[in-house]
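Only one structure is covered here, and it is reproduced in the block below.
The values are calculated or read from the model by the stated rules, or taken from the named source; none is laboratory data. This is a predicted model, so every value here is computed, not measured. Cβ placement follows ideal geometry from the backbone for every residue including glycine, while neighbour counts extend to all protein chains displayed.
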Amino acid sequence: MPKKSTSTSNKSKGNDKQGTSKPTPKWFYLVMVLIPIVFIVFLEVFLRLINYGNDYTLFVPISKRFPEKLYINPNINKKYFNNVSHPPLPLPDAIDAVKKTNSFRIFVLGASSAEGYPFVPNASFPRNLMRRLNLLYPDKEIEVMNLGMSAINSYTLRDFTPSIIHQNPDLVLIYAGHNEYYGALGIGSSSAFTPSRNLTNIYVWLQDFKITQLISKIIYGITHLFGSAKSLNDNNTLMQKMIGKSSIPLNSEIYNEGLAQFNDNLNDILEMFYDAKIPVILGTLTSNVKDIPPFISQKEIGLPSADSIYHQAVISLSKKNLSLAKQQFIEAKDLDELRFRAPSQINKILTKLAQKHNFAIVNIDSVFESESPDNIVGNSLMVDHLHPNLTGYKLLAKAFFIGMRDNKLLPAGSLSLSIDEQDSILNKNFPFTGLDSALSKIEIERLKNNYPFVKKNSSNYLVKDYQPHNFIDSVAKATMLKEMTWEQAHAKIAQWYWVKGDIKNFLNEMNVIIAERPYDDEPYNYLIKKLLANNLFPEALPYLEKLDKLKTSAFTTKWLGQIYLSNNNFDKAVYYLTKSLQFRNDDPQVWYNLAGAYFNLNQLNNTINALKNCLLISPDYKPAIAFYNRIKNETK
């Protein structure tokens, strides 16, 4: 027995010896971890080298004519609207790539109400504000970049914020919150990624990487191949496309998640601006509560229906019980289960977070109520459920301006003009013509003849169905159908007025183009040359002055000198004609006109020298010969 035991023991030892192996080196596990990381990095670098996908840098130099300007990336919309064909475009606003020392830079954050929908950008509240600041601070470089874009919400604004901080703004204005449920990636939208706010923000961040874009495209291609992916590319309005969950009852789980989404994202935004020491003014939200009934009204447990409260509000208003009527209209709006108008709780969040971060807040809702009949916001200031009309956008801009003034956030050294004087000047020079009115009319008609303003199964109203009533309407329709650009449309109508001899309206059309692209010299050159060719010197003078300030040249200084000479302003004539010679000293006409200016200032030697230079360049210049001989004889 002992021997057998020993034999078994020895056999066991032999087996142990044969089964023993060396431990795996630690570097092996490190390599196994590093291989996929290296592959991902390599793939990302490779995709960037071949320019795959989209670059989502927010501010980019996209114009070869103006390389010194930064614009909003025209592809930035694709980062948030990956399931919408023809997503809303950002505005073509620009700022200097290198901020000037005398610059006052403002960024405006918001959605379609900041963008100025349904009007052209010139009617938006940021443009109205910029014109007011330009009026008061003519020596300042006023930059107001409007980042408003239809159908975005706090996810997009949060993603914009670090890039905005990098551009060193002097002030940020925020008017946002209506789109929190149905805006891009919102909790109730058709593009919702996940109910988790943190995961959604990570998803947005990952879109900056080319490998994420590649994976997204592969997944979309596979799902689309098997018919389970539906791109929102029909003829519906953007409002229709963005609705994911059409019924969101008050105080429901998804309703509260939407509020939390807005609160937490806005808190992140304000913390970033606070840490960067950038002042912010927030605006409470206003909407049309009186003249737009609830879109979706259902009886929920423990809550009255939105329609019943709205009906009670109408009765209260008819009985002139205005305080109760206003309260009921607002309650009906809050009970509306189609969440296109921000519930009152959003304004409470705005106020609370402004106080938390010590930022200013402007009560826009109260301002609109004070300017509305019966102190209830309705069609007098709104074109639809929440977008202001032209008067409303001007009022919104003025409210933010007063907020800047009252919180000492304006630049120093403004002109001494009262608010009423400012309003009078701005209204007189408002860059908005019949074409712009016709464009907004078509857009409003399209909006209000589609869901949710009409029944869901109603046929869609299309722009091609619009019937023009005159030439301007026909140009507006062609512009809406993208047969010509907005600038081309205004230029076409300007030429139409010119042919008719209507100089005033010709100038109005050109003024609108200039207001839209104030840094572009082409409209100025076209306009000025047309006026000069027809001897309309008084009309050309203010545009020459503006163009010379924008882009001084031999052309601008020569003509400014000539016009001032004809106006007997000889000092200014000498200044500009002399400046013109610094660009080009071989123009005999400039020397001849300079001689005339010197002569009228009794500077005889300078007159003779200017004439000699003129004749040196052009010996046969008859007016100069006659002028020179006259002076020579008079001197004898």
* Do the conditions hold for ILE50, that is, is it at pLDDT 75 or above, among the aliphatic types (A, V, I, L, M) and surrounded by 11 or more Cβ atoms within 10 Å (Cβ to Cβ)? -> no
* To do: Would you check if there is a residue in segment 339-355 being basic (Lys, Arg) and over 27 Å from ASP264 (Cα atoms)?
  => no
* Structure fact -> Checked pairs for segment 318-345, first without any contact (Cβ under 8 Å) to a residue 40 or more places away in the chain, second buried (at least 23 other Cβ atoms within 10 Å of the Cβ) and among the small types (Gly, Ala, Ser), C-beta under 6 Å and 6 or more apart or across chains, list as GLN328/ALA313
* Structure fact -> Per the filter on segment 149-191, residues of a type in the set (Phe, Trp, Tyr) and touching a helix residue (DSSP H, G or I) at 6+ places or on another chain (Cβ under 7 Å) are TYR155, TYR175, TYR181, TYR182
* To do: Run ASP465 past the list (1) within 30 Å of ALA360 (Cβ to Cβ); (2) surrounded by fewer than 19 Cβ atoms within 10 Å (Cβ to Cβ) and report the number of the one that doesn't hold.
  => (1)
* Set THR557, THR552, THR578, THR607: member being of a type outside the set (A, V, I, L, M), modelled with pLDDT of 95 or more and outside any helix (DSSP H, G or I) -> THR552
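Any residue in segment 306-317 that is within 25 Å of the chain's Cα centre (by Cα), modelled with pLDDT of 95 or more and hydrophobic (A, V, I, L, M, F, W, C)?
Step one: of segment 306-317, the residues within 25 Å of the chain's Cα centre (by Cα) are none.
Checked segment 306-317: no residue is within 25 Å of the chain's Cα centre (by Cα), modelled with pLDDT of 95 or more and hydrophobic (A, V, I, L, M, F, W, C).
A quick yes/no check of all residues on (1) more than 24 Å from ASN379 (Cα to Cα); (2) at pLDDT below 95:
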position	(1), (2)
LYS408	yes, no
GLU421	yes, no
PRO431	no, no
TYR451	no, yes
VAL454	no, yes
SER459	yes, yes
LYS477	yes, no
GLU483	yes, no
* Please specify each residue of segment 156-178 satisfying the condition of being under 20 Å from MET404 (Cα atoms) and part of a helix (DSSP H, G or I). => ILE164, ILE165
* Asked: For segment 79-98, how many residues are more than 16 Å from the chain's Cα centre (by Cα) and crowded, with 16+ Cβ neighbours inside 10 Å?
  -> 6
* **Check on TYR524, in contact with a helix residue (DSSP H, G or I) (Cβ under 7 Å, 6 or more places away or on another chain), surrounded by 14 or more Cβ atoms within 10 Å (Cβ to Cβ), among the aromatic types (Phe, Trp, Tyr) and assigned to a helix (DSSP H, G or I)** => yes
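In segment 410-423, which residue that is out of contact with any strand residue (DSSP E or B) (no Cβ under 7 Å at 6 or more places or on another chain) and surrounded by 12 or more Cβ atoms within 10 Å (Cβ to Cβ) is nearest to PRO169 (Cα to Cα)? Reasoning before the result, please.
Pass one, segment 410-423, residues out of contact with any strand residue (DSSP E or B) (no Cβ under 7 Å at 6 or more places or on another chain): 410, 412-423.
Checking the rest, the ones that are also surrounded by 12 or more Cβ atoms within 10 Å (Cβ to Cβ) come to 410, 414, 417, 419, 421-423.
Values: LEU410: 13, SER414: 19, LEU417: 26, ILE419: 25, GLU421: 28, GLN422: 25, ASP423: 26 Å.
Filtering first and then ranking leaves LEU410.
Can we say ASN585 is under 24 Å from ASP548 (Cα atoms), of a type outside the set (D, E, K, R), in a loop (DSSP other than H, G, I, E, B) and assigned by TED's automatic domain parsing to the domain that holds LYS558?
On the way: under 24 Å from ASP548 (Cα atoms): yes; of a type outside the set (D, E, K, R): yes; in a loop (DSSP other than H, G, I, E, B): yes; assigned by TED's automatic domain parsing to the domain that holds LYS558: yes.
Taking the combined requirement at face value, the residue satisfies it.
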* Regarding GLN328, is this residue outside the structural domain of ASN251 (by TED's automatic domain parsing) and polar (S, T, N, Q)? -> yes
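Regarding segment 385-405, can at least one residue be identified that is touching an Asp or Glu at 6+ places or on another chain (Cβ under 7 Å), modelled with pLDDT of 95 or more and farther than 26 Å from MET484 by Cα? Step through it out loud before you land on a result.
First pass over segment 385-405, keeping only residues touching an Asp or Glu at 6+ places or on another chain (Cβ under 7 Å): 395.
Keeping just the survivors that are modelled with pLDDT of 95 or more gives 395.
Now restrict to residues that are farther than 26 Å from MET484 by Cα: 395.
Yes; the residues of segment 385-405 include at least one that is touching an Asp or Glu at 6+ places or on another chain (Cβ under 7 Å), modelled with pLDDT of 95 or more and farther than 26 Å from MET484 by Cα.
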* Asked: When segment 353-409 is examined, which residues are found to be crowded, with 20+ Cβ neighbours inside 10 Å, of a type in the set (Gly, Ala, Ser) and part of a loop (DSSP other than H, G, I, E, B)?
  -> SER372
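Filter segment 237-292 down to the residues that are among the aromatic types (Phe, Trp, Tyr) and either more than 22 Å from the chain's Cα centre (by Cα) or modelled with pLDDT under 95 (or both) and list them by number.
Step one: of segment 237-292, the residues among the aromatic types (Phe, Trp, Tyr) are 255, 262, 273-274.
If the condition is that a residue be among the aromatic types (Phe, Trp, Tyr) and either more than 22 Å from the chain's Cα centre (by Cα) or modelled with pLDDT under 95 (or both), then TYR255, TYR274 are the ones that fit.
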* Residue among LEU435, LEU426 that alone is at negative phi and not assigned by TED's automatic domain parsing to the domain that holds MET130 -> LEU435
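Within segment 272-326, restricting attention to residues that are in a loop (DSSP other than H, G, I, E, B) and among the polar types (S, T, N, Q), which residue is surrounded by the most Cβ atoms within 10 Å (Cβ to Cβ)? Before the answer, list the steps.
Initially, segment 272-326 is screened for residues in a loop (DSSP other than H, G, I, E, B), giving 276-279, 284-305, 319-321.
Filter again for among the polar types (S, T, N, Q), leaving 284, 286-288, 297-298, 305, 321.
Numbers: THR284: 23, THR286: 29, SER287: 22, ASN288: 25, SER297: 20, GLN298: 13, SER305: 17, ASN321: 14.
The qualifying residue surrounded by the most Cβ atoms within 10 Å (Cβ to Cβ) is THR286.
What do you reckon, is GLN312 assigned by TED's automatic domain parsing to the domain that holds PRO162, farther than 17 Å from ALA176 by Cβ and touching a residue at least 12 places away in the same chain (Cβ under 8 Å)? If you could, list the steps in order and put the result at the bottom.
On the way: assigned by TED's automatic domain parsing to the domain that holds PRO162: no; farther than 17 Å from ALA176 by Cβ: yes; touching a residue at least 12 places away in the same chain (Cβ under 8 Å): yes.
Judged against the criteria, GLN312 is not a match.
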